[in-house]
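Shown next, in structure tokens, is the structure this report addresses.
The values are calculated or read from the model by the stated rules, or taken from the named source; none is laboratory data. Note that the structure is predicted; figures quoted are calculated from it, not measured. Because the Cβ atoms are built from the backbone with ideal geometry, glycine has one as well, and the counts that use them run over all protein chains shown.
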Amino acid sequence: MAGLHETLNSHGISEEELLRRSTRLERWLPEDRALSLARARLRKSGERGYAVAALPKPRTGRGIGRKHLRAALAGSRIPRIPRAKLERALADALRHRGVTDTRAERSAGALSPSNGGSAETRP
């Protein structure tokens, strides 16, 4: 994924920084624990469908792994969920550096759907 490598180099973002940001963004928070508990109670009560109860999914609790990051930098396709985690970490790093339009960065080829990126991100 040459676009990703170029984006990281042009903005001075290291692999380690992306890993740290991903870990911080994906960390479980008290609201995630509450969501998990509410989903478990819903399952236990026998009701069907989280969408009916309007319960979103909690975070995974794990950031992107070094293996997936290196694969993305090498240009390989990575699975959907690690790709979304990578996008969130990259967008956070770019916002931290004052780049306000992170969608423009992605559309420039850093993480576009055609080369293994996804078009959607979680807030």
Checklist line | region 78-94: number of residues that are surrounded by 12 or more Cβ atoms within 10 Å (Cβ to Cβ) and without any contact (Cβ under 8 Å) to a residue 40 or more places away in the chain | finding: 7
Item checked: Answer from Arg66, Arg70, Arg39 - the residue that is without any contact (Cβ under 8 Å) to a residue 40 or more places away in the chain and surrounded by fewer than 17 Cβ atoms within 10 Å (Cβ to Cβ) -> Arg39
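Just give me the residues in region 18-33 being surrounded by 15 or more Cβ atoms within 10 Å (Cβ to Cβ), closer than 20 Å to His68 by Cα and not small (Gly, Ala, Ser), in sequence order.
Leu18, Leu19, Arg21, Thr23, Leu25, Glu26
Can you tell me which residues in region 77-93 are of a type in the set (A, V, I, L, M) and part of a helix (DSSP H, G or I)? Walk me through how you get there before you give the answer.
Taking region 77-93 first, the residues of a type in the set (A, V, I, L, M) are 78, 81, 84, 86, 89-91, 93.
Residues satisfying the conditions are Ile81, Ala84, Leu86, Ala89, Leu90, Ala91, Ala93.
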Notebook entry, point to check: Say we look at region 41-91 and pick out the residues that are over 14 Å from the mean Cα position of the chain (by Cα) and among the polar types (S, T, N, Q); which of these is nearest to Trp28 (Cα to Cα)?
Noted result: Ser45
Check: Which of (1) surrounded by 12 or more Cβ atoms within 10 Å (Cβ to Cβ); (2) among the charged types (D, E, K, R); (3) modelled with pLDDT of 75 or more does Glu105 not meet, given it meets every other one?
Finding: (3)
